[in-house]
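Down below is the structure, laid out as structure tokens.
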Amino acid sequence: MLDTPLWIQVWEQKIAHIVIFAIFLLSIVVVMALKDSIAKKKALMNATTYVILSISFIYVGLVLKAQPTTTNLVIPLSALKERQFPIGLFLLEPYIFLSFVFIAITVLLWGRGVFCGWLCPYGAMTELLIRLYKRILPRLRFSIPEKIHWKLVYLKYIIFVVIAGVSFYSFILSEYLTEIEPFRTFVLKLNREWYFVLYFILVTLGSMIVYRAFCRYLCPLGAALAIPSFLKILPFIRLKRYDFCSSCKICGRSCNPQAITANGLIINRECFNCMDCQVNFLDEDICPVLIKRKREERNA
């Protein structure tokens with residue numbers, strides 16, 4: 001009788017958390033599928049956001065340590081030299097495996113924003129800290145000028161390409177380069193050398209003052225997940241827009257990730273699917289199209 005594979009033993013030992021985590025992932029998919037109905041009710045949208053972000057930060061990040069990193073992408077890239085895919089290695093980490101199944105599905109359907117905006121534990125922590133910071137120091141925040149912003153967004157792609165390229169030469173060296181991500185320090189709860197902790201603090205503080213600066217400009221994992229959205233057919237499900245959106249600036253001014261261009265176009269690869277623009281889009285007291293439509297119906 002053959003011995004039970006190690007990965008099956010690992011899954012059996014963690015079955016309770018695996019089921020809870022899978023249900024949580026499914027709940028995010030349901031929220032995305034019902035986003036129009038939820039976005040119509042601001043209180044419900046706000047509560048849903050806080051609940052999911054809190055679970056992602058505390059349970060997924062600090063309890064399960066289910067924080068995907070660029071290393072998870074570098075491993076199969078390095079294995080290409082041997083013409084093998086280390087599926088067994090991925091299965092040994094069930095939460096990371098399920099995270100990437102979730103990522104593969106949601107990137108195709110809605111873009112990188114579902115993971116980056118809702119599931120990423122570090123991103124969730126940063127978002128929650130930003131919301132707290134805005135209450136305490138609302139004026140001490142900075143926004144990158146549009147012209148500079150749309151150049152800086154490509155920096156993360158350059159970083160990812162460098163890490164991926166180096167991985168073909170030396171996996172160890174690429175591992176050192178992935179330390180640009182503060183994720184490992186995060187899941188280890190700052191239990192690392194002082195310079196890693198200092199870097200984590202500086203990056204996190206910087207991302208509070210300049211909205212999610214690391215996620216928008218430096219994160220190589222975010223860049224990798226955004227690459228499919230360079231294809232015009234992806235994501236398959238896009239956020240709704242009116243023709244009038246090309247001249248209206250309401251959503252653009254309130255878009256913290258600055259993912260909406262001056263002509264009202266949503267750039268999906270830079271969008272975090274925060275749904276703020278959809279709340280405006282569906283609000284009869286904010287959206288000019290709906291305000292005009294309501295006025296016409298009233299005068300008819």
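Side notes on the structure shown:
- Neighbourhood net charge (12 Å Cβ-Cβ; Lys/Arg +1, Asp/Glu -1) for residue 299: +3
- Of the DSSP H helices in the chain, those whose Cα atoms cover at least 15 Å axially and whose Kyte score averages 0.5 or more: 15-33, 42-54, 94-109, 155-169, 194-209
- Once the GluC sites (Glu not before Pro) in DSSP loops with at most 14 neighbouring Cβ atoms within 10 Å are cut out of the chain, the longest remaining piece is 1-192.
- For residue 210, residues with placed amide H under 5 Å, excluding near neighbours: 142
- Three-way shape label, the range 6-240, alpha-carbon gyration tensor, a/c 1.5: rounded
- For trypsin sites (Lys or Arg not before Pro), the sites in the range 9-114 that DSSP calls loop and that have at most 10 other Cβ atoms within 10 Å are 83.
- When each of the peptides 147-160, 98-111 is scored by the mean number of other C-beta atoms lying within 10 Å of its residues, the order from highest to lowest reads 98-111, 147-160.
- Relative frequency of Cα-Cα separations exceeding 16 Å in the range 64-160, percent: 71
- Shape call, the range 123-242: gyration tensor on alpha carbons, a/c limit 1.5: oblate
- For the range 172-187, putting each phi into the Karplus relation 6.51 cos²θ - 1.76 cosθ + 1.60 with θ = phi - 60° gives couplings of 4, 5, 5, 4, 4, 5, 6, 5, 4, 7, x, 5, 5, 5, 5, 5 Hz, in residue order, rounded to whole numbers and with x for Gly and Pro.
- With a Cα cut-off of under 14 Å and a minimum spacing of 8 residues unless on different chains, the lysine pairs in the range 6-240 number 4.
- In order along the range 55-66, the phi-based Karplus estimate (6.51 cos²θ - 1.76 cosθ + 1.60, θ = phi - 60°) of 3J(HN,Hα) comes to 5, 4, 5, 7, 6, 5, x, 8, 8, 7, 6, 8 Hz; Gly and Pro are listed as x.
- Unmatched cysteines, the chain - criterion: no other Cβ of a Cys under 4.7 angstrom: 116, 120, 215, 219, 245, 248, 255, 271, 274, 287
Every number here is computed from the coordinates shown, using simple stated rules; none is lab data. Fair warning: this is a prediction, and the values are worked out from it, not measured in the lab. All Cβ positions, even for glycine, are placed from backbone atoms using ideal geometry, and neighbour counts span all protein chains on display.
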